Amino acid sequence: MYPVSQCADPYRAAAGASETPLPNYRALHWRDVITLRQLPAEMADLKLGALQAAADPTSQCARQIHACVGQYPEIFPTRDDRQLAALRTLAICTNPEVTLDLLRDTGLPAIIATDLIARLATRASDFTIFERLAQAPDLDRWAKTVLDRNQAHDIEDDVLTLRILQTFAHDVAVPFTQDVDDGQVHFHASGPNEMPNLAKMLEIAIDSDYQGEPSRPICRNAYEAIVRAHVDLGNDRLWPHWHGAGDMWKPHPNPNATFFALNIAAECYVDYETESWLKDITPAGRLERTRVRPAGGARNADETQP
């Protein structure tokens with residue numbers, strides 16, 4: 001997703017002319033910076049230049065990192081300069097360099113930060129955050145990677161990707177409402193744009209008649225990863241803003257807003273097996289809704305009493 005700079009030799013571009021004591025790293029791409037950070041210790045000046053590129057908010061590297069930060073002011077408060085600086089640092093960190101203080105500086109709740117550090121600790125000392133964001137910078141493009149799979153994928157690996165998206169201010173919660181009377185399930189997702197890949201992934205996961213690629217188990221595992229990424233911060237609220245109000249999902253802290261609740265990512269009638277599966281894997285993020293029946297107890301206006 002992020003191209004290498006147009007310079008034939010990015011190292012020489014970073015070093016600049018020999019008479020320049022502080023070379024200009026502003027044109028380096030994010031991937032270039034990651035490459036520079038992997039140089040041996042004796043090339044300290046070049047490695048320092050990589051840090052300078054990420055630290056400068058006007059650099060090409062910084063612009064690419066900022067593009068991966070969720071832009072949803074209705075959900076997350078706009079990231080201030082200090083939080084953006086922390087995200088730029090985080091985006092070029094190796095896994096062992098990610099600390100609780102750094103994650104807190106991004107605005108991430110401690111409960112998610114602690115879980116992310118634990119997941120990164122099981123990985124090699126590489127640049128997992130960069131790698132995941134370069135491949136899937138938002139929830140819908142992560143869903144596209146799911147649709148491209150042709151074999152089973154580790155659920156916990158997907159949870160790691162979703163945790164990284166949460167860190168960069170993306171809402172990955174996908175709660176659903178089920179109509180008790182007819183079994184129809186409505187999945188909700190927040191965001192400024194439609195998410196066709198997420199919708200297709202969810203539809204495959206719950207459509208009992210679907211046969212094709214990717215298989216239903218692949219998409220079911222991906223939805224289970226979403227469920228595990230839900231963070232219950234009390235009652236039935238999902239981080240960062242969802243909470244159940246009666247039989248409806250509403251955004252928090254603005255319960256009068258209707259945009260998110262009306263943003264239907266997918267909907268489908270489910271059979272008994274799918275309904276049981278959803279109940280089993282969803283400790284938080286599920287609501288039941290009973291439609292109001294007309295007087296006399298008929299299921300709908302067309303039905304007549306016996």
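The values are calculated or read from the model by the stated rules, or taken from the named source; none is laboratory data. For clarity, every value in this text was computed on a predicted model and none was experimentally measured. All Cβ positions, even for glycine, are placed from backbone atoms using ideal geometry, and neighbour counts span all protein chains on display. Each accessible area value is taken on the protein alone, full model and side chains, heavy atoms only, with ligands, DNA and RNA left out. Shrake-Rupley method; radii C 1.70, N 1.55, O 1.52, S 1.80 Å.
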| query | Of all the residues that make up the stretch 224-276, how many are more than 27 Å from Ile155 (Cβ to Cβ) and modelled with pLDDT under 65? | reply | 9
| field | helices (runs of 4 or more DSSP H) wholly inside the stretch 99-166 containing at least 3 residues that are closer than 21 Å to Thr78 by Cα | value | 100-105, 110-121
| Filtered residues of the stretch 172-210 (kept if over 15 Å from Asp247 (Cα atoms), open to solvent by less than 10 Å² (accessible area, probe 1.4 Å) and part of a loop (DSSP other than H, G, I, E, B)) | Val172, Ala173, Val174, Ala189, Ser190, Gly191
| task | Within the stretch 172-188, work out how many residues are more than 18 Å from Leu198 (Cα to Cα) and either under 24 Å from the mean Cα position of the chain (by Cα) or among the small types (Gly, Ala, Ser) (or both). | result | 2
